[in-house]
Amino acid sequence: MRIIGTGSAMPSFSVTNDMLAEFLDTNDEWIATRTGIRARRVRTTETLTDLAVAASKGALESSKVNPDDIDFVICSNVGNNYVTPNLGSIIQAHLGLHAPSFDLNAACTGFMYALSVADSFIKAGTAHKILIVAAEEPAHFNDWSKRDTTILFGDGAGAVVVSDESDDLLSLCLGTVPNRDVIVYKRRLENLPYEKEGVDETEPLKMNGREVFRMAVESSQKDLHKVMDMASVTPDQIDYFILHQANARILNSIREHLGQPEEKVPQNIQNYGNVSSASIPVLLDEVSRSGKLQEGQLLAFSAFGAGFTSGAAVLRWHKINY
Ligand code: ACO
């Protein structure tokens, strides 16, 4: 599997820490010190579909693939206001594609799961060119009167096109450690006449921040060592670590554990907050479009999220001309 195109799209509206401090008992200094976040983008005028379609167009255009040649669409999405149809189907209709499409939910790790599924389809000969789009709106899961989660999340979409023209994915691992309570967002379904009223209530996002922090650092370090061992490379041989942007302190802990300089672990969390499974493809698109990534360089990805899910990969980069 080779990544041959990337794209991303962020909402136009930016909510700064100072704007949050106008209605929450918090401040820029607290948020920036604890999380590295200065602002987050939240969709107000755009729909999630608009963002997903724009990110997909960027990935398709940069891949130079004829959209008719896309033979699968995999959409990573934790939730949106359509329970059905799936977001992948909605996106592919907007793009005028005629490929089978489905959604996959592995929380913030969803992009890693999508890469794994895409690689399996390609290795099995089921597909030759696949559009993976990660579209997320976790800012819309928050109870905006609660400071602990509202400060963290933003909306956005990132996409890649992968093809069977080369096997650049050197290693990949996925994992899930049972811990249902660490991050939970419950939606209400319709009550049956046989059920007691109010059995299934919607509960805004709840998170045990300290436990997430601990599990994130532990799982990411473990996964990265595993995929580097599988690919027979050391941290020093990796050119860039493209990591899930959940918290700058988590990123710095992982970087220090690996003994790597700041420039090898790019961050955009300061501008966007945590955009769940979209964070890796969005960062990858930005770093790639900046011209930093050269042919043959080694990239490591690592993500973690509710479940508690995690996943990592090492791949050889093929330079994309935008
Ligand atoms: N502003 C000001 N004070 C705050 C805020 C806020 N936004 N939030 C909490 N506090 C207060 C608390 O009430 C507490 O006050 P107290 O000591 O009087 O009780 C104090 O700050 C410390 O609170 P903690 O929750 O212990 O703060 P901590 O240092 O753990 O930081 C944080 C909280 C930022 C959420 C941190 O735990 C964290 O980043 N965890 C990881 C969260 C994360 O990455 N989530 C992503 C979820 S999805 C995914 O991507 C996996």
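The values are calculated or read from the model by the stated rules, or taken from the named source; none is laboratory data. Every value quoted in this text rests on a predicted model; they were computed, and no experiment measured them. Note: ideal-geometry Cβ built from the backbone for every residue, glycine included; neighbour counts use all protein chains shown.
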message: I'd like to check which helices (runs of 4 or more DSSP H) are fully inside the stretch 230-322 and have at least 1 residues that are within 12 Å of the ligand (Cβ to nearest atom) and within 24 Å of SER63 (Cβ to Cβ).
response: 279-289
task: Kindly indicate the residue of the stretch 23-47 that is among the acidic types (Asp, Glu) and within 13 Å of the ligand (Cβ to nearest atom) and also surrounded by the fewest Cβ atoms within 10 Å (Cβ to Cβ) among those meeting that condition.
output: ASP25
- prompt: Condition test on VAL217, is it at pLDDT 95 or above, assigned to a helix (DSSP H, G or I) and either over 18 Å from the mean Cα position of the chain (by Cα) or surrounded by 18 or more Cβ atoms within 10 Å (Cβ to Cβ) (or both)?
  reply: yes
- prompt: What are the residues in the stretch 96-134 that are over 22 Å from GLY311 (Cβ atoms), buried (at least 19 other Cβ atoms within 10 Å of the Cβ) and touching a residue at least 40 places away in the same chain (Cβ under 8 Å), if any?
  reply: LYS129
message: I'd like to check something: does the stretch 223-243 contain any residue that is farther than 29 Å from ARG40 by Cα and under 20 Å from the mean Cα position of the chain (by Cα)?
response: yes
query: Residue check: is SER76 crowded, with 17+ Cβ neighbours inside 10 Å, more than 16 Å from the ligand (Cβ to nearest atom) and of a type in the set (Ser, Thr, Tyr)?
result: no
- request: Could you grab the pairs with beta carbons closer than 8 Å, sequence gap of 6+ or different chains, first residue in the stretch 204-225 and more than 8 Å from the ligand (Cβ to nearest atom), second one polar (S, T, N, Q) and part of a helix (DSSP H, G or I)?
  value: PRO204/THR149; LEU205/THR149; LYS206/THR149; VAL217/SER253
- request: Output the residues belonging to the stretch 226-279 that are touching a residue at least 60 places away in the same chain (Cβ under 8 Å), among the basic types (Lys, Arg) and over 25 Å from SER76 (Cα atoms).
  value: ARG249
